[in-house]
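Just passing along the structure, written as structure tokens.
The values are calculated or read from the model by the stated rules, or taken from the named source; none is laboratory data. Being a predicted model, the structure only gives us computed values, none of them experimental. Methodologically, a virtual Cβ is constructed for each residue, glycine included, from the backbone with ideal geometry; neighbour enumeration extends over all protein chains shown.
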Amino acid sequence: MTHPREVVEHFIRAYYAGDTETARRYVRDDVSFTGPAASFTSADDYLSTSAHAASMLREINIQHIIADDGDVCVFSHLETKAFSDPMLVADWYHLEGDRIASIHTIFDTGPFVSGSVEHRQDFAVDPVCHMNVDIRALSPTRAWENTTYHFCSEGCARAFGSNPDRYVAPR
């Protein structure tokens, strides 16, 4: 049996390298992901929707890893293309056997929804991950109940398309 810390380290390397095929091998089909702006209960939904996170990464600097039986906590500074300052991220992975069963991610979402772009007419907020999206760009869109929604990635657009009620507040 592989040590949980090794499984998580292999997953992180593959995930942030954009190698979703390899990353997929380290998570259960029914992996539960909970983060500040989204949650998933399917490995494929989680990996396809969060793929844009890896594409925004310049560098991941792991600060500390704590492993205890089937739980692994990773504290990292992520340097992204979107922000000048690194983001502190805490991830708690729970493993069952040799695969990740759940991931809980915690970070400050303030920079993603800053007021500086939120009120500009050429930006919209992705209803799935809550990132600001430049609507002038060729970003994915979906129409639902006479409203067009803009997304940061095709993964977020697919997640929305499969269950719009989950992402849109009742009117």
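If only one of A43, A90 is of a type in the set (G, A, S) and either modelled with pLDDT under 95 or closer than 23 Å to A159 by Cα (or both), which one is it? Reasoning before the result, please.
Details: A90 fails: either modelled with pLDDT under 95 or closer than 23 Å to A159 by Cα (or both).
Matching residue, one of A43, A90: A43.
To continue, here is another question. Report, by residue number, each residue of region 5-63 that is of a type in the set (F, W, Y) and not in a strand (DSSP E or B). Give the steps one after another, and end with the answer.
The first filter runs over region 5-63 and keeps only residues of a type in the set (F, W, Y), leaving 11, 15-16, 26, 33, 40, 46.
Scanning region 5-63 gives F11, Y15, Y16, Y26, Y46.
Next question. So for region 38-53 (the condition being on the phi > 0 side of the Ramachandran plot and under 16 Å from the mean Cα position of the chain (by Cα)), does at least one residue qualify?
Checked region 38-53: no residue is on the phi > 0 side of the Ramachandran plot and under 16 Å from the mean Cα position of the chain (by Cα).
Something else now. What pairs can you find where one residue is in region 1-17 and without any contact (Cβ under 8 Å) to a residue 60 or more places away in the chain, the other is surrounded by 22 or more Cβ atoms within 10 Å (Cβ to Cβ) and assigned to a helix (DSSP H, G or I), and their Cβ atoms are less than 7 Å apart, with a gap of 6+ or different chains?
Short answer, once both residue conditions are applied: A14/A23; Y15/A23.
Looking at T34, T41, T20, T49 in this structure, which one is touching a Leu at 6+ places or on another chain (Cβ under 7 Å) and under 24 Å from H150 (Cα atoms)?
Details: T34 fails: touching a Leu at 6+ places or on another chain (Cβ under 7 Å); T41 fails: touching a Leu at 6+ places or on another chain (Cβ under 7 Å); T49 fails: touching a Leu at 6+ places or on another chain (Cβ under 7 Å).
Step by step, each of T34, T41, T20, T49 is checked, and only T20 is touching a Leu at 6+ places or on another chain (Cβ under 7 Å) and under 24 Å from H150 (Cα atoms).
Could you please let me know if L57 is buried (at least 19 other Cβ atoms within 10 Å of the Cβ), modelled with pLDDT of 75 or more and assigned by TED's automatic domain parsing to the domain that holds R13?
On the way: buried (at least 19 other Cβ atoms within 10 Å of the Cβ): no; modelled with pLDDT of 75 or more: yes; assigned by TED's automatic domain parsing to the domain that holds R13: yes.
No: the conditions fail for L57.
Same structure, new question: Where residues in region 64-75 are in a strand (DSSP E or B) and touching a residue at least 24 places away in the same chain (Cβ under 8 Å), which of them is surrounded by the fewest Cβ atoms within 10 Å (Cβ to Cβ)?
First, pick out the residues of region 64-75 that are in a strand (DSSP E or B): 64-68, 71-75.
Retained after the next criterion (residues that are touching a residue at least 24 places away in the same chain (Cβ under 8 Å)): 65, 67, 71-72, 74.
Details: I65: 16, A67: 17, D71: 14, V72: 25, V74: 23.
Of everything passing the filter in region 64-75, D71 is surrounded by the fewest Cβ atoms within 10 Å (Cβ to Cβ).
Could you please give the count of residues in region 141-153 that are farther than 12 Å from C129 by Cα and under 17 Å from the mean Cα position of the chain (by Cα)?
Summing the residues that are farther than 12 Å from C129 by Cα and under 17 Å from the mean Cα position of the chain (by Cα) in region 141-153 gives 0.
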